[in-house]
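Worksheet: one structure, shown below.
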Amino acid sequence: MQLPVIPCAISLRIFVEGQHNPDPTVILDLPDIDSEDSFPLQDAAEYRDERDYFRSAINVMRREGFTFSQGVRCTVHGNIPINSGTSSSSALVVTWVNFLARMSDQHRDLDAMLCARLAHAAEVVEFHEPGGMMDHYSTACGGVISLEFFPEMKIERMPATLGRFVLGDSRQPKDTKGILARVKNQVLAATGILREKVPQFSLHTVRSEELDQFRHLLTPQQLTLLEGTVRNRDITAQAKQELRKNPVDHRKIGALLTEHQSILRDVLKISTPKIDTMLAAAMAAGAYGGKINGSGGGGCMFAYAPENTEVVAQAIEEAEGKAYIVSSDQGTRAELTGDDA
């Protein structure tokens with residue numbers, strides 16, 4: 001759909017720690033999932049499953065001109081909730097690409113834009129998945145950014161200084177691919193129908209009050225999803241204007257998050273009863289606003305709580321969620337030592 005988004009990188013991270021292996025083999029210790037993996041570099045093109053990111057990143061980078069005459073031995077670990085809508089897979093791939101660039105024969109120091117592009121190719125393009133670029137650019141660039149994709153890619157760093165958030169993990173697994181495909185595909189189908197009849201139709205410019213005239217062309221569900229998508233677009237535009245300010249109106253940011261959540265819950269139907277309960281508890285404890293995170297259907301929510309942060313975290317725990325107090329943080333970075341520095 002290529003609509004604007006405003007992501008924020010947070011202070012939870014994935015770490016890759018390692019060194020060269022004289023053998024042309026990749027050896028991975030994965031303590032967070034109590035696993036390990038290894039494979040010869042020459043076999044990287046043979047994927048074992050549809051999300052074989054350790055191999056796909058190597059293949060994408062080889063096409064970009066990187067070469068690997070030595071293998072690597074490393075440990076991969078982190079503190080980001082897995083499969084919870086917190087971009088753990090994108091953070092993993094961005095970090096892995098950053099690590100591989102420095103361990104390659106070229107010893108490249110990637111700029112954030114290239115790192116994000118390669119990571120998106122390795123995670124999404126390589127496996128024909130429905131996800132977008134937001135998570136990769138947010139993780140690579142860090143801070144709060146505005147991302148526009150149409151008519152061309154444009155990134156703007158937001159100068160606003162934000163307070164702390166509380167991330168709440170519902171501990172309910174989510175179907176990222178299924179949710180993305182359901183909502184995105186239906187909106188794209190509705191847009192395609194309208195463009196056949198009204199060639200100038202655009203999700204980027206249509207106003208909410210104009211959508212009712214297309215009621216006869218769409219199913220009720222298509223029209224509802226389209227209305228929700230346009231309203232979310234407008235909320236994002238309002239947030240962008242506020243985040244350009246410093247100081248920012250923290251309560252307005254919270255209110256926009258809550259309005260966004262109402263559309264995700266009532267229109268797009270991607271929230272869950274437990275997420276709703278956790279958000280209600282956070283608001284009652286003093287949060288300024290909040291919403292479900294990621295594609296929805298489970299996973300995490302977050303509450304904006306520049307005040308009463310610990311109280312909000314406790315309220316989320318009492319609602320049977322796992323709470324993490326987080327703040328805006330910088331993007332991917334390297335700290336190499338010894339022979340690999």
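Taken together, the residues in segment 283-316 that are touching a strand residue (DSSP E or B) at 6+ places or on another chain (Cβ under 8 Å) and surrounded by 15 or more Cβ atoms within 10 Å (Cβ to Cβ) amount to 21. Within segment 181-221, the set of residues being of a type in the set (Gly, Ala, Ser) and within 22 Å of Ile235 (Cα to Cα) comprises Ala190, Ser202, Ser208. For beta carbons closer than 6 Å, sequence separation of 6+ or different chains, a first residue in segment 263-274 that is touching a residue at least 40 places away in the same chain (Cβ under 8 Å) and aliphatic (A, V, I, L, M) and a second that is buried (at least 19 other Cβ atoms within 10 Å of the Cβ) and in a loop (DSSP other than H, G, I, E, B), the qualifying pairs are Ile270/Gly296; Ile270/Gly297. The residues of segment 237-249 that are in contact with a Pro (Cβ under 9 Å, 6 or more places away or on another chain), surrounded by fewer than 19 Cβ atoms within 10 Å (Cβ to Cβ) and assigned to a helix (DSSP H, G or I), listed by number, are Ala237, Lys240.
Conditions tested, residue by residue: (1) touching a Pro at 6+ places or on another chain (Cβ under 8 Å); (2) more than 19 Å from Gln2 (Cβ to Cβ); (3) of a type in the set (S, T, N, Q).
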position	(1), (2), (3)
Ile179	no, no, no
Lys184	yes, no, no
Leu188	no, no, no
Ile193	no, no, no
Pro199	no, no, no
Thr205	no, no, yes
Glu210	no, yes, no
Leu217	no, yes, no
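Residues in segment 138-182 that are surrounded by 17 or more Cβ atoms within 10 Å (Cβ to Cβ), closer than 16 Å to Leu12 by Cα and not aliphatic (A, V, I, L, M): Ser138, Thr139, Cys141, Gly142, Gly143, Arg164, Phe165, Gly168, Asp169. A search for C-beta distances below 7 Å between a residue of segment 227-255 that is in contact (Cβ under 8 Å) with a residue 24 or more places away in the chain and under 30 Å from Phe201 (Cβ atoms) and any residue that is among the acidic types (Asp, Glu) and outside any helix (DSSP H, G or I), counting only pairs 6+ apart in sequence or on different chains, returns Glu242/Asp249. Look at (1) surrounded by 16 or more Cβ atoms within 10 Å (Cβ to Cβ); (2) touching an Asp or Glu at 6+ places or on another chain (Cβ under 9 Å); (3) closer than 17 Å to Arg164 by Cα and you find that Leu223 fails only one, number (3). Residues satisfying the criterion are present in segment 171-185 (criterion: among the small types (Gly, Ala, Ser), assigned by TED's automatic domain parsing to the domain that holds Asn246 and touching a residue at least 12 places away in the same chain (Cβ under 8 Å)).
Residues in segment 304-330 that are touching a Ser or Thr at 6+ places or on another chain (Cβ under 9 Å) and among the small types (Gly, Ala, Ser) were compared, and the one that is nearest to Gly85 (Cα to Cα) is Gly321. Sub-9 Å Cβ pairs linking a first residue in segment 293-307 that is in contact (Cβ under 8 Å) with a residue 40 or more places away in the chain to a second residue that is of a type in the set (Asp, Glu) and in a loop (DSSP other than H, G, I, E, B), at least 6 apart or interchain, are Ser295/Asp175; Gly297/Asp175; Gly298/Asp175, ordered by first then second residue.
Does segment 180-216 hold any residues that are assigned to a helix (DSSP H, G or I) and of a type in the set (Lys, Arg), and which are they? Listed by number, the residues that qualify are Arg182, Lys184, Arg195, Lys197, Arg215.
The values are calculated or read from the model by the stated rules, or taken from the named source; none is laboratory data. Please read these numbers as outputs of a predicted model, since none were measured by experiment. Positions of Cβ are backbone-derived with ideal geometry, glycine not excepted, and every protein chain shown enters the neighbour counts.
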